[in-house]
Amino acid sequence: GLVFSCLATVAFAQSTTSNMQGVKLSSDQPIAIESDQLEIRDQERKAYFTGNVKVVQGTTTLQAGKMTVNYKGEGSSLTSGDANIEKIFVDNNVYLTSETQKATADHGEFDMAAQTFILTGKQVVLSEGTNVFTGCKLTVLMNSGQAKLESCGGPVRIMLDPKSQKKQ
């Protein structure tokens with residue numbers, strides 16, 4: 001059988017928006033972090049997780065080769081749980097999954113104050129079911145779960161699976 005993958009080139013506004021419902025990283029849900037190695041430098045207020053980093057919170061899973069956590073708070077320590085996380089940086093094959101969506105990128109940055117999560121890379125791929133969106137910068141507003149994918153200068157490329165369109 002023939003497989004039609006309709007390649008829709010969307011040039012309007014140079015970006016596409018979607019909702020990433022699972023990426024509502026809320027402070028009231030526990031976050032589980034696994035990695036091969038962890039180095040905490042309380043003087044710098046930084047924690048370095050390296051090797052097979054996996055972060056799980058609710059329905060959201062984030063995987064990367066390396067993650068740096070910046071936190072603030074006088075005399076606070078990440079291990080004692082009283083650290084106030086400011087920013088989280090992830091690098092090396094960043095892979096984010098939440099409910100029906102997946103995103104891959106080279107780098108990721110969580111800004112806890114702004115409640116934003118930005119994925120960047122040579123090719124940022126967001127897939128929702130069988131639909132695939134490709135760009136260079138994906139911004140997720142964690143409060144609403146709204147995601148905006150920006151292009152690499154040209155149009156944002158979207159691959160829509162015709163089979164998934166018929167169901168709606």
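Things worth noting here:
A quick yes/no check of all residues on (1) open to solvent by 50 Å² or more (accessible area, probe 1.4 Å); (2) modelled with pLDDT of 90 or more; (3) within 10 Å of the chain's Cα centre (by Cα); (4) not hydroxyl-bearing (Ser, Thr, Tyr):
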| position | (1), (2), (3), (4) |
| --- | --- |
| 35 | no, yes, no, no |
| 73 | no, no, no, yes |
| 94 | no, yes, yes, yes |
| 98 | no, no, yes, no |
| 113 | yes, no, no, yes |
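- Cβ-Cβ distances below 6 Å connect the following pairs, each with a first residue in segment 126-140 that is at negative phi, a second residue that is of a type in the set (Lys, Arg), and a separation of six or more residues or different chains: 127/102; 134/157; 139/148.
- Extreme residue, farthest from residue 96 (Cα to Cα), among residues of segment 38-69 that are outside any strand (DSSP E or B) and more than 20 Å from the chain's Cα centre (by Cα): 43
- Within segment 43-55, being open to solvent by less than 50 Å² (accessible area, probe 1.4 Å) and in contact (Cβ under 8 Å) with a residue 24 or more places away in the chain holds for 47, 53, 55.
- Only a single criterion out of (1) at pLDDT below 90; (2) open to solvent by 50 Å² or more (accessible area, probe 1.4 Å); (3) on the phi < 0 side of the Ramachandran plot is not satisfied by residue 122, namely (1).
The values are calculated or read from the model by the stated rules, or taken from the named source; none is laboratory data. Since we're looking at a predicted model, the values are computed, not measured. Neighbour counts are summed over all protein chains in view; Cβ atoms, including those assigned to glycine, are modelled from backbone coordinates with ideal geometry. These accessible areas exclude ligands, DNA and RNA; they are computed on the full protein's heavy atoms, side chains included. Shrake-Rupley method; radii C 1.70, N 1.55, O 1.52, S 1.80 Å.
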